[in-house]
Structures are given as structure tokens and as C-alpha cells.
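Here the structure comes first, spelled out in C-alpha cells, and everything after it is commentary.
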Amino acid sequence: MHLIKALPVAALLLLSPLGAGGQSLLDRPPNVSGNWVGAPGTLYFHFVHRFITSDAPERKVSNVPTFLLAAGLPKRLLAGFNYSTNSTLAPRFPNEWEAFARWAPVSEDYDAPLDLGAQVGYNNAASGVDAEVSLAKKFGPGRIILAGRGLSDPFEAGKIRFAFAGGATLRFGQWLALAGDLASLANRDSTERMAWSAGVHFGIPLTPHTVSLHATNTPLTTLQGASRGSSNIRYGFEFTIPLTLRRYFGGGADASPDTASPPVAAGAPREASPDTASPVRAEVATPEPLPDTTSPPLAAGAPRTTPRSVPSPSPAPAAKPAAKPAAKPAAAATVRVGIKNNNYLPPKIQITVGTTVEWKNNDPVAHTVSAVDKSFGSELLQSGKTYRHTFTKAGTFTFSCGPHPFMKGVVVVKKP
């Protein structure tokens, strides 16, 4: 019955116009989400379905679907919930809910050395609060995730149990990855098993969707469910569906241009500001010479002779300051901007004249970098391609993506 009620929501999202980058399953294993927080102004829908077959002679196939619905928020936040139509966590809880909020204060997408994420949520089957802290790091084509979890005990109110999880992905080209993970409760008893999963993950070319085909011994993807294994192997899939609300309600609030400096058109001369105007030489009046008082006084009646002018001694020439050694020219700086989840990361940067900015498209769909004033612009950048531009003039330059105009960014260029 609950599944029937959820179908209209799933159908609405499936039929809606798409275009945002979802959580790529190429970057995480089936049971460990890590620090993924999506993009602001984007709604995310994930459909996880896992199947199990009973023993002979029935060999009945049973399934457990889990739905994730979440919204990307500013400040690298994600809020949403997981809903499963069947739960084995606690008696008399066939439907398990997990409402959560996730934060990623540190991210490699913003030139940090690693990813750091934190999640807190409430699980109705456990009747308590669950939390997770995760670390992740990319190593070439691979990515490793480690997580520590604090879970409410569903059988003893007020008791907290701890769990640890780790996983990795290994990419093979642009659209394929292998993934796996392990998780375990601390101080497991003889009836509790480690949780595991392994899968083949695909990116669907020219779309933001990714698919996971995997095997696991966990029925759910909540923090509670992903930390507890069973004796049964389940086979399933996950499909990610993002919906860009910024396409309809505007976007790029963090990328609003800095109005302190007006945009500079390509080739347009800059007007000299008062502090850079050419200096004006002021004329100084030459003082009249004082009378010479060094001649002796003349006797009465003696003829006056014109005193011979004596030139005043020339001042000693000032010592010239020692010449400073020539400064070595500074190496040209390069600032890197990533394109991911239909966002420029970061959307706004401040640089000095002479700096080169490099944009790299990390999305599965093509993008451009197009200046509003036409002073620079890239061709259509396919996934994995880069575009570089060196800024030689000060000013504020707003740019956007041609196929996705709701994607906006700003470069503020200042004088050294």
C-alpha cells in the first residue's frame, strides 16, 4: 500500500525535465554515501531496490525498495529522508524512516586535501538519533571513504552503539567503476554479521543519471540498515534522478557579481582613476638673493665700487642610494575551477591581473564558460575537458553556461 502511494511521486520525478548532476555512483559504493551533499537548488530522488530468493521448493522472490528524497541547500547542506517499505531492524516496524541532514564543510571540489562530511538524523524504527562522520580521498582513478557511526539501539532505549565503515571505488574510464564496502558494529555478538556490498556502477552518457548493479547482505541503505548484515545475499540496483529547480527559480545566489568594479569590455580602454592620473608639476618662485654683508664698510667720501659678486658654493651632490637588486618576475598563478553538479565550484573567485583561470568539466554532460561581455568564452566542453583564460585587465567578469544559463559564476580581477 505504501509503495502504491509512493509511485506517483516517482513517476512525477521520472517524467520531469532533468539536467542537474546527481550524486554520482561512480564516486561511492552502494552502502556508504560519505560527504555527498548535492548542489543548492536541486532536488534528488534515488531509487534502491534489492531482491532476495527463498529456498526450495518455493524459491519466492521478495523485494525491499528504499526511496531517498533530498534537497541540496546553500552552505554545502543536504536535507531529506530515506523511506523503506520493509525493515528488519525492530519488531512491528515494517516501514522504516530516516530523516537526516548532511553537511560537507571540507571538499576536494574546493581545493581541500580531502572530503569531510557529517550527518545526523532520526530513525523511527530505532526511536533515536543516528550520526555519522566520514572522510574521503581521491587517489588517481580511485576514491576511498572511511566512516564512523553512532547508532541508537533499537532494543534498549538510551543506549548507543558504534559502527565503522569503509569503502572504495575504482574507475575504468569515464562511465564505469567497480565499488565495494564493509561495515561492522563494534562489539558484535554471535548473531550479528558484518555488512558488505560489491557492485558495478555505470554513468549514462550525456545524462546526469548513474546506475548501480550490486550484491549485498543488507536490505536497506539507512545508517542503521547499512551497518547490520544478514545471512542472506540480496541482489539489486540503484538509480539516481536529479531535478534542477534552479532552472525555473533562478540560481547562482552565491555567484552574484561584486559591484565594486564594473565589467571591462574586451579591448575597451580603461578611464584613469584620480589616484592614477598623471602628476602635475607645480612651479615654485625663486627667492631674491640676499645682500652681501661680507664687504667692509667704506670711509666717508671714498668712491663706491661695485662689489665683485662671489658665487655661492655649490652644495655637495647627494649620495645616490644603492641600487636594489632586480626582483625576479613572479610565476604566473593559475586558479582552478571545477564544473560539477551543474555548478561552477567555486562560483565566485578573486584574483589579480595576470592570473590564469582553468575550468575543468567534471560533469557527465557538456558545458561552456561564456563571459557575459563576450571578452572570453570556451567551446562546448565535454566531460573531462578544460578551458583556460588569462585575465590581463582589472574588473568584474560574469560568466555562464550556454546550454544551462542558470549556471553562473563571477571572476573579480584586481590590480596587484
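The values are calculated or read from the model by the stated rules, or taken from the named source; none is laboratory data. Keep in mind it's a predicted model, so treat the numbers as computed, not measured. All Cβ positions, even for glycine, are placed from backbone atoms using ideal geometry, and neighbour counts span all protein chains on display. Side chains are part of the model used for accessible areas, which takes the heavy atoms of the whole protein and leaves out ligands, DNA and RNA. Shrake-Rupley method; radii C 1.70, N 1.55, O 1.52, S 1.80 Å.
Tabulate in residue order the Karplus-calculated ³J(HN,Hα) for segment 134-150, using 6.51 cos²θ - 1.76 cosθ + 1.60 with θ = phi - 60°, rounded to whole Hz; enter x for Gly and Pro.
For segment 134-150, the Karplus-derived couplings read 10, 10, 9, 8, 8, 9, x, x, x, 9, 10, 10, 10, 9, x, 10, x Hz, x marking Gly and Pro.
Across segment 206-215, in residue order, what do the Karplus-derived ³J(HN,Hα) couplings come to in whole Hz, using 6.51 cos²θ - 1.76 cosθ + 1.60 with θ = phi - 60° and x for Gly and Pro?
6, 9, x, 8, 10, 10, 10, 10, 8, 10
As a test question: what accessible area, to the nearest 10 Å², does residue 103 have when a 1.4 Å probe is rolled over all protein chains in place?
So the heavy atoms of residue 103 present about 130 Å² to solvent.
Show me, for segment 351-358, the HN-Hα J-couplings you get by feeding each phi into the Karplus relation (A = 6.51, B = -1.76, C = 1.60, θ = phi - 60°), rounded to Hz, glycine and proline as x.
These are the phi-based 3J(HN,Hα) values: 9, 10, 4, x, 7, 9, 10, 10 Hz.
As a test question: what accessible area, to the nearest 10 Å², does residue 182 have when a 1.4 Å probe is rolled over all protein chains in place?
90
Going by accessible area, probe 1.4 Å, with all protein chains left in place, what is the ranking of 194, 407, largest first?
194, 407
At 1.4 Å probe size, with every protein chain present, just tell me what the per residue accessible area of segment 115-241 comes to in Å².
Per residue, segment 115-241 has 45 Å² of solvent-accessible surface.
Ordering 84, 62 by how much accessible area each has at a 1.4 Å probe, largest first, what is the list?
Solvent-accessible surface, decreasing: 62, 84.
So which trypsin sites (Lys or Arg not before Pro) in segment 331-391 are both in a DSSP loop and have at most 10 other Cβ atoms within 10 Å of their Cβ?
Here the sparse-neighbourhood loop sites are 374.
Just how much of residue 144 is accessible, in Å², when a 1.4 Å probe is used and the result is rounded to the nearest 10?
Accessible area, nearest 10 Å²: 80 Å².
With a 1.4 Å probe and all protein chains left in place, how much of the accessible area of segment 57-182 comes from carbon and sulfur atoms, in whole percent?
Accessible surface attributable to carbon and sulfur in segment 57-182 totals 67 percent.
Can you give me the relative contact order of segment 102-232 as a percent, contacts being Cα pairs under 8 Å and 6 or more apart?
15
Round to a whole angstrom and tell me the spacing of the C-alpha centers of segment 23-94 and segment 360-412.
The distance from the Cα centre of segment 23-94 to that of segment 360-412 comes to 35 Å.
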